[in-house]
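For reference, the structure is listed below as C-alpha cells.
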Amino acid sequence: MMEREKTSFSGGRKYSNDEITVYWKPDACVHASYCYRELIEVFDPGRRPWVDIKGAETERIIEVVNMCPTEALTWKWNDEKKNKDISIDQTNHIKFRRPELMSTDEQEIQENPVSIKIMIDGPVVIKGDFTFQYSGNKKEIKEGIISLCRCGASYHLPFCDGTHRKIGFEDK
Amino acid sequence: MTDMESNEIKKPLTIVEVIDGGPLKITGNIILKDLKKDITDNPSEVFLCRCGHSGNKPYCDNSHKC
C-alpha cells in the first residue's frame, strides 16, 4: 500500500530516480511511440511496470520524455530549485506542460507562460492569461486570445482586421 | 490554510500594453515565437513594432517616430 502511494498521482503514475521524476498520464497518450522506439530500456509497454527509470542515464530519459507530443509523459527535477529556472527547450518539463503537478508555491511563481506568436507577414497573436491595456482600457484576459495589428494599417487598431494582406505587408 | 483555499485564482502576471503612437510592450512570463524567422525566445520584456516600419521586425526600432 505504501509503495502504491509513492508511485501514484491523480491521473497516473510517477517514477523517480535520484535526480528526476517522470510522470505518466495514460489518458493523454496518443501512441505516437517515440518513447519506446527511442528508449526501450526505460519505456517498455510489454513489461510491468512499463517504466524502468533505472534503465538509462537521466539526460537521455529527459531527452526522450521531451519527444512525447502530448502530456502523457512529463518530468521534473527532484530538486525544486532547479525547476524554477528551466529552459523552454525542455518542452515536457511540468512547468510548461503540467503546472498542476508543481506545488502551490511553485505555481504562483511559474504560471503558464503566455504564448506570443508573430504570424508570417501578419498580426501578433497572444494567447493565455494576461492583463491587456490599450487606450485607457484595462482587461484581465483568462485563457483568451487576441490578434493585434503589426502593419499599422488596420481600421480597428490596435486589433488586426486583415488589412495587412491588402497592403502587401511583409516581414523583412 | 488548506490547499483549496490557497489555490484561489491568481491575477495574471503578464502585461500586454499597447503604447499610444508606439510599440506593443509585453512583460512577464512569455514565450515568443516568430514563425517566419523560426525563432523561439522567452524574454521577460519585449517591445514589438506596430507601425510596420521597423527595420528590425518584429521588434520596435523607433522608426514610428520618423
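By the rule of a C-alpha distance below 27 Å, with chain neighbours fewer than 8 residues away ignored, the lysines paired with A:LYS76 are A:LYS6, A:LYS14, A:LYS25, A:LYS54, A:LYS84, A:LYS95, A:LYS117, A:LYS127, A:LYS142, B:LYS10, B:LYS11, B:LYS33. Among the chymotrypsin sites (Phe, Trp or Tyr not before Pro) in segment A:66-172, those placed in a DSSP loop whose Cβ has at most 15 other Cβ atoms within 10 Å are A:TYR155.
Divide the volume of the convex hull around the Cα atoms of segment B:14-65 by the residue count and you get 68 Å³ per residue. For the segment B:18-25, counting C-beta atoms of other chains within 10 Å of every residue's C-beta and taking the mean gives 3.
How many Cβ atoms of partner chains, on average, are near each residue of A:115-124 if near means within 10 Å of its Cβ? Don't skip to the end; give the middle numbers.
Details: counts 4, 15, 5, 12, 5, 4, 3, 2, 0, 9.
Across the residues of A:115-124, the mean count of other-chain Cβ atoms within 10 Å is 6.
All Cα-Cα distances of the protein assembly as shown, cut into 5 Å bins from zero to the largest, leave 1, 6, 12, 15, 15, 12, 10, 10, 8, 6, 3, 2, 0, 0, 0 percent in each bin in turn.
Counting other beta carbons within 10 Å of each residue's own, what order do A:HIS156, A:HIS164 fall into, fewest first? Can you show the working numbers first?
Values: A:HIS156 10, A:HIS164 21.
With the fewest neighbours first, A:HIS156, A:HIS164 line up as A:HIS156, A:HIS164.
When shorter helices are ignored and each DSSP H run of at least 4 residues is given -39500 (n - 2.57), the per-residue value for chain A at 222 nm works out to -4500 deg cm²/dmol. Across all directions, the shadow cast by the convex hull of segment A:115-166 built on its C-alpha atoms averages 3.6 square nanometres.
Counting 0.36 nm for each residue step from A:ILE86 to A:LYS138 and taking away their Cα separation leaves a gain of 15.6 nm.
Computed from the coordinates by the stated procedures, all read-outs in this text should not be read as laboratory data. Everything quoted here is computed from the prediction, not taken from an experiment. Reconstructed Cβ throughout: ideal geometry from the backbone, glycine too, with neighbour counts over all protein chains shown.
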